[in-house]
Amino acid sequence: MKQPSAHQDNAREDAMNDAEGKAATAAPALPALGLVGMLRWAWTQLTSMRTALMLLLLLAIASVPGSIWPQRVQDAFAVQRWIEENPTVGPVLDFFQMFDVYSSFWFSAIYLLLFISLIGCIIPRARKHWQQMRSAPPRTPRKLERLPEYGAVELDDRGPAPAQALEEAAQVLRRRRYRVQVRPQDEDQRAGSIGAEKGYLREVGNIIFHVSLVGVLVCVALGAMFSYRGQKVIVEGEGFVNALAAYDNFFPGTWFSEDQLDAFSIQLNEFDRAFDRQVTPEGEAGPQWGNALDFTAWVTVQDGTDGVPEDTTLKVNAPLNMGGANLYLVGNGYAPVVTVRDAEGDVAFSGPVITRPDDGVYTSMMVIKAPDASPEQLGFQGLFLPTAVDAGEGMAVSADPEPFNPELHLNAYAGNLGLDEGIPQNVYVLETENLEVLNSREVDAGGIVLAPGEVHELPDGLGTVEFEEVLDYIAIDITYNPGELGILVFSLTATAGLITSLFLRRRRAWVVVEKTDSGRTLIRYGLLARGEDFRLRDENAAIRRDFEKIWPVSPPQTHITTDSHATTPTGKRG
Amino acid sequence: MLTFGAVSLPSINVELAEYSELFMMIAAFIYTLAFILFTIDNAQSSRTIRRLETDLAREQESLTAQPMKVATAAAGPPPAEAASPPPEPKDTHNGARDPELVDEDMAYIGTRRPLANTAIALTVVAVAAHAFAVVSRGLAAHRWPLGNMYEFLVGAALIVALVYLLALHRRDLRFIGSFVLGLVVAMMVAATIGFPTPIGHVQPALQSPWLAIHVSLAVLSIGLFVLTFAMNVLQLLQSRRERALAENTAQGWGGFLAGRQFMRLVPKAFSLENWAYRINAVAFVFWTLGPMITGAVWARESWGRYWGWDTKEVWTFVIWVVYAGYLHARATRGWTGTRSAWLSIIGFLCIIFNYAVVNVYFPGLHSYAGLPD
């Protein structure tokens, strides 16, 4: 009946052994020599409850570094910056994969070992339970009074004979949903006994929980392999067609292939922002004035190459599903349309500039690079303020997220922008160290301040910059992960299994019916819980009540009450 | 009604919101009174015990004639009591030095503690005021009132107090009264001073029915974990004390605790451990459903991925694993008792860390605290 490994409920096993008069399990024997013995020993160790517990705790500890240092899975740029700022520690931490914790070899090793341990536990346990479910309840222990719960009722002279009492006791247990086996005559030649057990589903739930966890892991792995995730910024009036080249950023899974990209397109027609404009009864701005309340992107989508174009909305918390992929509205901002002309009057740059909002009032960072300008390349860096107000000393800040008074506040630079070397650059960053400053608050020419429709002339006739109008843009994430449904289903079955295994009680009951010397019928019964059971005493009382209902129980019952106060067998450890 | 293109949000009821804040203050004030009373009750343990002992001695005399009818009305189903002997002072290993003053199963056994009882009555009043404050805030804003750090803290405080009262209804948990009320007061103070947030609508990312489900389940499980934390801490102290009493030593921590009268009104370590386990099991299910599963569902709905190892997600996972370890430890030889209690305590410290430190200092997607810049 006992198996060497399989995450036994060790503490409770002792109680059963105690009642059966056996000694507690001896310490595991020393490993036998030889490879097979060693392997078997290692397997036993790995699948032991103690190892599983250690691996669990190790997993918790190993997860923590991921919240201390930036992770590439979230923000590769932040990791790069961290390493640059900490040139000594950074590379060392990187070597130990502290910036890729959840895909690191050590984190993977822990959870893979944990899952191997879990599988090595589940299989023998499931096999054992399958046998138990199809076999009779365990044999009646000799010393019922040593079970955690024990009781006895003596019937008076009107009571039924032992054989009939046995049958009636079996009825009582059946009504309490025990699986019952009546043993009319056991080996001790007592009148007879009953073995009963219920709550087999508890172990089933336990196994379902653990199997479901394996299912979740498998779905996570498969999902990650076939998944893709991409990002795209779309300016008002522009569109996006789902093709690899169209993405701004793209993160494919290991086994992703390009033909997984379903054909669909999306065009941004208009974008609406809504902000809190509630005023107090006194007519002043309310406490949440200017907070974002709603973002709605009015889009036209086409699912499939021959699909019908359809007008719809894309909102936060309400993704669009197209061809198996999901589209999410993850960001938005302003895209001022700027035209840069060089010294010859040729257009060196023209179009909407994606700005990066930095706060709740959309103070937005912007960079313009005009490498085609001649005689010198031109670069601009500064802020877009939707509602610019003077903050004194020539400084301006944004007072509101909506474009009531949009202004560009820029510095202008001339020189080699470094784009010709072919080294990939961040489009949102301008390296100004080796550039000549044309316009800035620090130089005599001053900074550039532009309202829509205004043109600024750069010093030395190097060109002009014109602020034409303000457009909106949205940032969308496009994700495809075929593992999601499986993960959800397995999480729910895991929860169902967890609830069953935690709150369903598995109980064994035995009844022994015998004739006393005075010719009366004595019914003794004992109860044993498998697993945690805090209400075993209540079950004892309930069974006793049922017996008293059908039988004339004789009054003196001093020996009946249980001597054990422990409500669980673990109480034996004292 | 404010209408903007595609949305129309009902306007905030400012007057009701002001009532909400007023009742929040009233509740905090009454909680503080209850906390003080609980603390005085603890400090006066020795007097309580002396009175209890004389009561017990008197009952002892009449015991032979008539079995004591204990306060079964409050102690749950009476049959359990009927099957077991009356809780007379038993010959425990502590001998005559420590007669049974509290029930092993934390049932009420008629122990009179007037100060603690007054504190409980005050807590009931405070919870009523508190509940009104939370509900009216939700009504005033026309949304589920768990949308920022202030609302989260006062909501969690309400659930902690409510869970404690419900538990008190079934079991004699007066021994953790000062701890629970102290925590509730601390949460209310932290909310009002640390994260004062004027009433308003929530940002688009939080406008989802999942907010109510996800955050409420998290708050509920935290309310339960608070109780088990207190029980597990007391369990550690009590087991030290029990060992010191058994060895008849007055040295060290255990010896110090053995002399504390207050600890005599705390149930046995074994009983604390069992109840902590039962509550932890329920809380673990809520944690699985709330922060883990509905969190993943909402993250997929809102951010486009079900799990992304955001700092908050990391700590949610850590907490889940620690409590999973706790549940397993209970079935591992050599890990029951003190060690499993430590796991439960560590789990709760992780929760505190997750809400107090991660929310405030770690940048992440869960930065909805509404903190002033």
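The values are calculated or read from the model by the stated rules, or taken from the named source; none is laboratory data. Note that the structure is predicted; figures quoted are calculated from it, not measured. Positions of Cβ are generated from backbone atoms using ideal geometry, with glycine treated the same way; all protein chains shown enter the neighbour counts. Surface areas here come from the heavy atoms of the whole protein model, side chains and all, with no ligands, DNA or RNA. Shrake-Rupley method; radii C 1.70, N 1.55, O 1.52, S 1.80 Å.
Of note:
- The value for chain A of Rg(Cα) / (2.2 N^0.38 Å) is 1.54.
- Rg/Rg_ref, the stretch A:476-521, where Rg_ref = 2.2 N^0.38 Å and atoms are Cα: 2.77
- Available extension along the chain between residue A:262 and residue A:503 is 82.2 nm, counting 0.36 nm per residue and deducting the alpha carbon span.
- Between residue A:420 and residue A:96, the contour length at 0.36 nm per residue exceeds the Cα-Cα span by 113.1 nm.
- Residue range of chain A that is longest and free of chymotrypsin sites (Phe, Trp or Tyr not before Pro) which are both DSSP loop and sparsely packed (at most 14 other C-beta within 10 Å): A:97-254
- Kirkwood hydrodynamic radius computed over the stretch B:158-245 comes to 15.5 Å, based on all pairs of distinct alpha carbons.
- Whole-number percent relative contact order across the stretch A:38-132, with pairs defined as alpha carbons under 8 Å at least 6 apart: 36
- Here the relative contact order of chain A, from alpha carbon pairs under 8 Å that lie six or more residues apart, stands at 19 percent.
- The dipole here belongs to chain A: it is taken about the Cα centre, uses +1 on the Cβ of Lys and Arg and -1 on the Cβ of Asp and Glu, and is about 7780 debye.
- Computing Rg and the Kirkwood Rh from the Cα coordinates of the stretch A:38-132 gives a ratio, Rg/Rh, of 1.19.
- Normalised alpha carbon radius of gyration of the stretch A:63-102 [divisor 2.2 N^0.38 Å]: 1.00
- The stretch B:208-372: C-alpha gyration tensor shape, a/c 1.5 cut-off, then a/b vs b/c: prolate
- Taking a quarter of the surface of the Cα convex hull of the stretch A:317-461 gives a mean projected area of 11.5 nm².
- The gain in end-to-end length when the residue A:75 to residue A:269 segment is fully stretched comes to 66.8 nm, 0.36 nm per residue minus the alpha carbon separation.
- Backbone phi angles across the stretch B:231-244, fed through the Karplus curve with coefficients 6.51, -1.76 and 1.60 (θ = phi - 60°), yield HN-Hα couplings of 5, 5, 4, 5, 4, 4, 5, 5, 5, 4, 5, 4, 5, 4 Hz in residue order; Gly and Pro are listed as x.
- Distance between the pseudo-spin-label points of residue A:36 and residue B:128 (7 Å out from Cα toward the beta carbon): 7.6 nm.
- For the pair residue B:169 and residue A:308, a Förster radius of 60 Å applied to the C-beta separation gives a FRET efficiency near 0.45, rounded to the nearest 0.05.
- Exceedance of the 27 Å cut-off in Cα-Cα distance is limited, within the set A:232/A:369; A:232/A:315; A:369/B:312, to A:369/B:312.
- Applying the Karplus relation 6.51 cos²θ - 1.76 cosθ + 1.60 with θ = phi - 60° to the stretch A:373-385 yields 3J(HN,Hα) values of 5, 9, x, 10, 5, 10, x, 9, 8, x, 10, 10, 10 Hz, where x marks Gly and Pro.
- Cα pair count fraction exceeding 24 Å, expressed as % - the stretch A:293-390: 48
- At least 30 Å² of accessible area lost relative to the chain alone, listed for the stretch A:69-109 with a 1.4 Å probe: A:74, A:102
- Once backbone amide H atoms are built at 1.01 Å from N, residue A:396 has A:391 as its partners under 5 Å, excluding neighbours fewer than 5 places away on the same chain.
- Separation in nanometres of the label points that stand 7 Å from Cα toward Cβ, at residue B:251 and residue A:158: 6.6
- log10 of Debye I(q)/I(0), alpha-carbon scatterers only, for the stretch A:133-191 at 0.17, 0.25, 0.26, 0.30 Å⁻¹: -0.73, -1.47, -1.50, -1.40
- Screening chain A for whole DSSP H helices with an alpha carbon extent of at least 27 angstrom along the helix axis and a mean Kyte-Doolittle hydropathy of at least 0.5 yields A:105-134, A:200-226, A:484-503.
- Karplus-derived HN-Hα couplings along the stretch B:138-143 (A = 6.51, B = -1.76, C = 1.60, θ = phi - 60°), whole Hz, x at Gly and Pro: x, 5, 5, 9, 6, 7
- Cα gyration tensor shape of the stretch A:200-282, rounded if a/c is under 1.5, else prolate or oblate by comparing a/b with b/c: oblate
- Sorted largest first by accessible area at a 1.4 angstrom probe radius, with every protein chain in place, the residues A:535, B:50 fall in the order B:50, A:535.
- For residue A:348, distant residues with modelled amide H under 5 Å away: A:340, A:341, A:342
- A dipole drawn for the protein assembly as shown from +1 and -1 charges on Cβ atoms has a positive end, and of B:206, A:88, A:502 the residue lying farthest that way is A:502.
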